[in-house]
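Taking it in order: structure first as structure tokens, then the write-up.
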Amino acid sequence: MSVRIQREDFDLGAEVAALTGGRTDIGGVASFQGLVRDMAGGERIAAMTLEHYPGMTEKMLGEIEAEARARWPLDATLIVHRYGRLEPGDRIVLVVTASAHRKAALESCEFLIDWLKSRAPFWKLEETGAGAQWVAARDSDDEAAARWEEPSGTASKAAE
Amino acid sequence: MKILYFAWLRQRVGAGEETVDLPEEVRNVAGLIDWLKSRGPKYEEAFRDTSAIRVAVNQEFAGLDAAIATGDEIALFPPMTGG
């Protein structure tokens, strides 16, 4: 139910506590945190800078979240995505899903991070010893997102 | 018409945003890209490979054949790498 795009770091424990505080209907909370790795394609990364499309980012993440809520019985959801310059070990993205039961929470969490990677307008610029280079989109990310495509136009119907 | 560029497209074009007066014959995204390419070597280079370019019209993903009109916000960018 909530999407935030921010420069600032986030705290998983505090976010989950805020999401579930005062609620007794939630039986399971799943979360995913993405961190900056220090290596990519054999190159050591000194830092990366995330650029995004303000306005469209919020809109797309809102649509992706709405899609998850249409597919699974979720009681609460949260997506936090950082932008700006980040260093290895820094947190980049957080997805939290909460439901009465674990299956919906776990599956929808995986769905959200897979879809977000190929549908949210973010771009990564990596700083390496060889200079700065834009990260290329990976086929494996598209394949991970495509796993969640629904047959017979159900997904597009939900997106309308 | 407002045009936005992101990531390496922004760097190659040399601007993140510009407002252009579109010739009347340009009616879709492919036409816009062809017209941009005619504006100089920076644009020619940036848009050489259209298979590497993604498009949003008014913040919705769109194809090269998507219709465009004065007042639209068009964004041009490489495939996204979030998460």
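Values quoted throughout were computed directly from the atomic coordinates according to the rules given, and no laboratory measurement underlies them. On a predicted model such as this, the values are computed, not experimentally measured, just so you know. All Cβ positions, glycine included, derive from the backbone under ideal geometry; neighbour counts span all protein chains shown.
A few comments on the model shown:
- Förster radius 25 Å - calculated FRET efficiency between A:GLU43 and A:GLU143 (Cβ-Cβ, nearest 0.05): 0.60
- Only helices enter this figure: runs of n ≥ 4 DSSP H residues, each worth -39500 (n - 2.57), summed and divided by the residues of chain A, yield -11000 deg cm²/dmol at 222 nm to the nearest 500.
- Trypsin sites (Lys or Arg not before Pro) restricted to DSSP loop in the range A:1-106 with at most 16 other C-beta within 10 Å: A:ARG7, A:ARG23, A:ARG37
- Neighbour-count ranking [beta-carbon atoms within 10 angstrom, fewest first] of A:SER108, B:SER38: B:SER38, A:SER108
- Summed residue charge, Cβ within 13 Å of A:TYR83's Cβ, Lys/Arg positive, Asp/Glu negative: +1
- Whole-Hz couplings from phi, Karplus 6.51/-1.76/1.60, listed for the range B:30-40; x for Gly and Pro: 4, x, 4, 5, 4, 5, 4, 4, 7, 8, x
- Rounded to 5, the percent of DSSP beta bridges in chain B classed as antiparallel: 75 percent
- Cα gyration tensor shape of the range A:1-155, rounded if a/c is under 1.5, else prolate or oblate by comparing a/b with b/c: prolate
- Links that overshoot a 25 Å alpha carbon limit, given the list A:LYS59/B:LYS2; A:LYS59/B:LYS37; A:LYS103/A:LYS124; A:LYS117/B:LYS37: A:LYS59/B:LYS37; A:LYS103/A:LYS124; A:LYS117/B:LYS37
- Prolate/oblate/rounded call for the range B:2-77, Cα gyration tensor, a/c under 1.5 rounded: rounded
- Amide hydrogen neighbours beyond the local backbone of A:GLY27, cut-off 5 Å, H modeled: A:SER99, A:ALA100, A:HIS101
- The range A:18-102: C-alpha gyration tensor shape, a/c 1.5 cut-off, then a/b vs b/c: prolate
- Phi angles of the range B:20-27 translate, via the Karplus equation with coefficients 6.51, -1.76, 1.60 and θ = phi - 60°, into HN-Hα couplings of 10, 9, 7, x, 4, 6, 7, 10 Hz per residue; Gly and Pro are given as x.
- Under DSSP loop assignment and at most 12 Cβ neighbours within 10 Å, longest GluC sites (Glu not before Pro)-free interval of chain B: B:26-83
- Sum of side-chain charges, A:ASP114 neighbourhood, beta-carbon under 13 Å (Lys, Arg +1; Asp, Glu -1): -2
- For the pair B:ALA30 and B:GLU45 in one chain, pulling the backbone fully straight at 0.36 nm per residue adds 3.8 nm over the alpha carbon distance.
- Distance from the alpha carbon centroid of the range A:88-126 to that of the range A:1-49 works out to 8 angstrom.
- In sequence order, calculated HN-Hα J values of the range A:22-32 (Karplus, 6.51, -1.76, 1.60; Hz; x Gly/Pro): x, 10, 10, 8, 8, x, x, 10, 10, 9, 9
- For B:GLU73, nonlocal amide neighbours, meaning residues 5 or more places apart or on other chains whose placed amide H falls under 5 Å from its own, are B:ASN58.
- Formal net charge of residues neighbouring A:TRP134 (Cβ-Cβ distance under 12 Å; K, R +1; D, E -1): 0
- Annotation: amide H-H contacts under 5 Å for A:ILE92 (H modelled 1.01 Å from N, sequence separation of 5 or more, or interchain): A:GLY34, A:LEU35, A:VAL36.
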